[in-house]
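What follows draws every value from the coordinates through simple rules; no lab data is involved. Treat the numbers as computed from the prediction; the structure is a model and nothing was measured. With ideal geometry, Cβ positions are generated from the backbone for all residues, glycine too; neighbour counts draw on all protein chains shown.
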Amino acid sequence: MSQNKIISCLSTSIAILALSQPCTLAQTLFVETFAPTQINQLSIPQKLIIPPIAQTEISAAGSAISDSVKNQQDLLTPPSFHAVITRELPKLWQMRVPIEQVGFLYATYELRAENGRNNAVSNENASSSTVQVVIEPLPIIEISRDRNTNTALVQGGMRLRMDLSTAQLAGGYSGEMTVTVNRR
């Protein structure tokens, strides 16, 4: 890696670590989703809050972070960081469907940054700084049945893999998520 890229990665990582606020650690994973009452009514939170990235998730050393070096060569060794952070959101949405449709459902997810970029989130203060996100749908599961209405309540979610190596600025990132549930 070139020296500029190392400095850029290091400064971004330090900024992310230095600007993380302890009070944000108390945020919930997402706003409560209420069970839908109508058939094919999709229930999804209007605002999804993903917990902030912790220092231990970024550091390749885990929670054992050292503030000292053993020799002069250690000063020249670039720090090791995890560039990809994963978040799993298994209970993102719910839907009531006819029982016979349960095995034929699939969900698609689309994430768009404020600057229009697909599969990314953008910095809330500077939309030109984006983080690339890979979305992996999780299996749709049946959580209950109502024999009186011949319907089932199903839920689904996704796994997000965020590539921090593309972030240029520290801070909050956001985007707009679209969830679509279809039948095969």
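Taking every Cα-Cα distance in the stretch 71-137 and sorting them into 5 Å bins starting at zero, the pair-distance distribution P(r) comes out as 3, 11, 14, 14, 14, 11, 10, 9, 6, 3, 2, 2, 1, 0 percent.
When each of the peptides 37-47, 94-104 is scored by the mean number of other C-beta atoms lying within 10 Å of its residues, the order from highest to lowest reads 94-104, 37-47.
For the pair Arg183 and Asp74, the difference between a 0.36 nm per residue extended length and the Cα-Cα distance amounts to 33.6 nm. Scoring 115-121, 69-75, 79-85 by mean Cβ neighbours within 10 Å over their residues and listing the highest first yields 115-121, 79-85, 69-75.
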